[in-house]
There are 6 protein chains.
Amino acid sequence: MPLVQVTRRAHFCAAHRLHRDDWSEERNRAVFGDCSNPNWHGHNYTLDVTVEGPVDPETGFVMDLKALKRAMAEQVVDDLDHCNLNLEVSWLEGIIPSTENVAVAIWERLAAALPDAVRLARVHLRETPNNSVVYTGG
Amino acid sequence: MPLVQVTRRAHFCAAHRLHRDDWSEERNRAVFGDCSNPNWHGHNYTLDVTVEGPVDPETGFVMDLKALKRAMAEQVVDDLDHCNLNLEVSWLEGIIPSTENVAVAIWERLAAALPDAVRLARVHLRETPNNSVVYTGG
Amino acid sequence: MPLVQVTRRAHFCAAHRLHRDDWSEERNRAVFGDCSNPNWHGHNYTLDVTVEGPVDPETGFVMDLKALKRAMAEQVVDDLDHCNLNLEVSWLEGIIPSTENVAVAIWERLAAALPDAVRLARVHLRETPNNSVVYTGG
Amino acid sequence: MPLVQVTRRAHFCAAHRLHRDDWSEERNRAVFGDCSNPNWHGHNYTLDVTVEGPVDPETGFVMDLKALKRAMAEQVVDDLDHCNLNLEVSWLEGIIPSTENVAVAIWERLAAALPDAVRLARVHLRETPNNSVVYTGG
Amino acid sequence: MPLVQVTRRAHFCAAHRLHRDDWSEERNRAVFGDCSNPNWHGHNYTLDVTVEGPVDPETGFVMDLKALKRAMAEQVVDDLDHCNLNLEVSWLEGIIPSTENVAVAIWERLAAALPDAVRLARVHLRETPNNSVVYTGG
Amino acid sequence: MPLVQVTRRAHFCAAHRLHRDDWSEERNRAVFGDCSNPNWHGHNYTLDVTVEGPVDPETGFVMDLKALKRAMAEQVVDDLDHCNLNLEVSWLEGIIPSTENVAVAIWERLAAALPDAVRLARVHLRETPNNSVVYTGG
């Protein structure tokens, strides 16, 4: 049975801020630039989640994409969409919501929620058309 | 001399909230839904500004696009990028920052800043891949 | 109150065939080419619906986009998605499902379903990245 | 019979330079900036051509898109693709190949080559993701 | 000589249906949902084929992209474009045309048709903007 | 500390030609086709540069993207944008400016300019929407 990677895309819009309370405003501004604006800014995030597994010969599926879509909605998108990543997401508490950190946190959420037959292979989170990160669990 | 429309695109990321202080939280939630979240959310906005004018036979230009880019930066993008549309933009004060209202406000800013040889023809503001507005000054 | 155009995008996937029963297979092939394949082919359609109206000063909206999304789903997308445009859509019966004809039929469906405060301004239907049509009711 | 607009997209890659021989290098540089580089630069152009006409009730077509594609290839794309817009295109001779001027020249080529049943409605030429022009024959 | 991956993109439009004849309609509907519609549906597929090899110091090419384009057309696209994946493609006979299975079948076709100097590295097949699969031969 | 890949995108427009002086015009034409046009042609290139490293727990960053953007500008984009890849770029001298060769040369430039904490993981250079290459240093 061939191993295939399947990717499902989702979108969410959120506000955030890059900032450390234990740093001065000057140091925050020096390190995080405009991203530390105390009044927040936001993005249309694009999330591509890739799972890998053998193709089920009965269905031709690695995984039912409706189930992957549902897992992404329940574990990630419903918690983040139209929210503030610094203030409202229990599983991002205490984390600076950089694209890197959010991608790793999304990985942890999804890895625990997928069926045994597939392996989470890749979380690709795009913050702007020009900036994106990939986490593969390593 | 042929009349041609020239469009320049810019991007900005901002936080906002749709909300009226003179309404109850329930009414805000009923009308604005998730967009009224008191903790904000945000978007990657795409702004396409179109000017119209005769093609200058000396240069082949309707307008120097570097000047249009500069006008868009100075009048609009520098004020909005990585900002909060409800709290930080003097020329959006007192305005609910719906895509419609922001587009009209951008029009007013730009119409006053363009050279006489061209006419502002269109402000196209895209809030998400699925939602956008066009204002043509009418 | 400024007049603004608001556009909402939706997607649907469908099968179709361009074909006239009252023509020979040769004539169908000559006029419609590959699109007359008796075994069908299909597309990911992108539908942009534009409404125009004054901006409501209370809400900053021309129209609640959730209501436009719902009208597009109920009147159009739910009937077309994952369907056969020749065989399964009552409001396309007897019509060759060219992009032109489908766009006009979508216009008729939506024009009857929108609130009085807005005017249907434009139906933009994209069949492939290279082919699209616009109908403005004229 | 409803009037519908149909758009066909094509791509071409070309080199060009914005420059006037009757100007000094300094003036060229001041007006055209990097675009006057004597060693050329180039772009992937995207060309959207829109024709308008009544929908033929027999075919559901405003115009056979294969014929529009062929006209665009024969009149425009075959002459421009992988070419130098300043040096190699007879119908651009003596014209500064700004996006504006190229769009107007494309319009002239196509207007003369389309069938009587349709009207050329719009030439949309995109030079970069951020810069584009529209000519509607006015 | 550096090892480089080169990717060529192609498009095709096709109809298909996910369905097993040896299952009841109910079971097909439960597993495949709308995709089991007996009247078919279809997609604009995007196919990215990646080959890997050393850069030929004489040409600067891993492989002549015109030859890759031709192999993709002859082995894959000409057979699938404007066709029905369930009914008309000899090399998909007996296979449920899920994106996974089609990608694996495309791999087999191309692996046998490429020159010895390159290795087929990746078949990326996109069924919709939100759903895609990657097969790397493993 | 999780290992994450971060990608930054940039754009440049350039002219080039695929051609060997030590070959006849016929052989150049046979191997390079239209790309050997002596009058040049050009492209809008898209460059995605990926770096990999542990996420700094203090900042949530693998690398400050402003620094990566600056390195890409100083080492690559400022030298290539609005230039002729055959004639004007010291670090491309003596190299046929195929996408493969340009990507490898970009890798060499960037690998030497990045901070020690990160590893250059991937240079992805897109010449047209349909043609791209990836170099990972191997």
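Within the stretch B:117-136, the residues that satisfy the criterion of being within 12 Å of B:Val51 (Cα to Cα) and at pLDDT 95 or above are B:Val118, B:Arg119, B:Leu120, B:Ala121, B:Arg122, B:Val123, B:His124, B:Thr136. From the list A:Leu80, A:Leu114, A:Leu85, the lone residue that is over 29 Å from B:Tyr45 (Cβ atoms) and not small (Gly, Ala, Ser) is A:Leu114.
Could you say whether any residue in the stretch A:67-87 is within 28 Å of A:Asn28 (Cα to Cα) and among the charged types (D, E, K, R)? The answer is yes; a qualifying residue exists. Of everything in the stretch C:86-95 that is within 8 Å of another protein chain (Cβ to nearest Cβ) and out of contact with any Gly (no Cβ under 9 Å at 6 or more places or on another chain), the residue that is farthest from B:Asp34 (Cα to Cα) is C:Leu87. Filtered by the rule that a residue be open to solvent by 20 Å² or more (accessible area, probe 1.4 Å) and at pLDDT 95 or above, the stretch D:105-114 gives D:Trp107, D:Glu108, D:Arg109, D:Ala111, D:Ala113, D:Leu114. Selection of the stretch E:95-114 for residues being of a type in the set (Ser, Thr, Tyr) and outside any helix (DSSP H, G or I) yields only E:Ser98. For the stretch E:62-119, residues that are within 30 Å of C:Leu18 (Cα to Cα), without any contact (Cβ under 8 Å) to a residue 12 or more places away in the chain and among the charged types (D, E, K, R) total 4. Residues in the stretch F:86-100 that are open to solvent by 30 Å² or more (accessible area, probe 1.4 Å) and either aliphatic (A, V, I, L, M) or in contact with a Pro (Cβ under 9 Å, 6 or more places away or on another chain) (or both): F:Asn86, F:Leu87, F:Ile95.
Taking the stretch C:51-85, which residues are more than 23 Å from E:Ala15 (Cβ to Cβ), open to solvent by 40 Å² or more (accessible area, probe 1.4 Å) and more than 10 Å from every other protein chain (Cβ to nearest Cβ)? C:Arg70, C:Glu74, C:Gln75, listed by residue number.
Do we find that E:His41 is touching a Pro at 6+ places or on another chain (Cβ under 6 Å) and over 20 Å from E:Ala113 (Cα atoms) in this structure? So E:His41 does not fit the description; no. May I ask you to list the residues in the stretch C:96-124 that are under 15 Å from C:Ala10 (Cα atoms) and facing chain D (nearest Cβ under 10 Å)? Hits for the stretch C:96-124 are C:Val102, C:Ala103, C:Trp107, C:Arg122, C:Val123, C:His124. Restricting the search to the stretch E:25-50, which residues are open to solvent by 10 Å² or more (accessible area, probe 1.4 Å), among the small types (Gly, Ala, Ser) and facing another protein chain (nearest Cβ under 8 Å)? Hit for the stretch E:25-50 is E:Gly33, nothing else.
Residues in the stretch C:9-42 that are touching a residue at least 40 places away in the same chain (Cβ under 8 Å) and of a type in the set (A, V, I, L, M): C:Ala10, C:Ala14, C:Ala15, C:Leu18. Only residues that are of a type in the set (Val, Ile, Thr) and in a helix (DSSP H, G or I) were counted across the stretch B:3-51, and they come to 1.
Residues in the stretch F:72-94 that are of a type in the set (Gly, Ala, Ser) and part of a helix (DSSP H, G or I): F:Ala73, F:Ser90.
Just one residue in the set D:Val55, D:Val89, D:Val118 is in contact with a Cys (Cβ under 7 Å, 6 or more places away or on another chain) and hydrophobic (A, V, I, L, M, F, W, C); that residue is D:Val89. For the stretch F:125-138, taking the residues that are assigned to a strand (DSSP E or B) and more than 7 Å from chain E (Cβ to nearest Cβ), the one that is most open to solvent (accessible area, probe 1.4 Å) is identified as F:Arg126. The set of residues in the stretch D:1-10 that are of a type outside the set (Gly, Ala, Ser), open to solvent by less than 40 Å² (accessible area, probe 1.4 Å) and within 22 Å of D:Glu108 (Cβ to Cβ) comprises D:Val6, D:Thr7, D:Arg8.
The residue of the stretch C:11-22 that is surrounded by the fewest Cβ atoms within 10 Å (Cβ to Cβ), among those that are away from chain E (no Cβ under 12 Å) and in contact with a Ser or Thr (Cβ under 9 Å, 6 or more places away or on another chain), is C:Arg20.
The values are calculated or read from the model by the stated rules, or taken from the named source; none is laboratory data. All figures in this text were calculated on a predicted structure; none of them were measured in a lab. When we count neighbours, we look across all protein chains shown, and the Cβ atoms used for this are built from the backbone with ideal geometry, even at glycine. Surface accessibility is based on the protein's heavy atoms, side chains included, excluding ligands, DNA and RNA. Shrake-Rupley method; radii C 1.70, N 1.55, O 1.52, S 1.80 Å.
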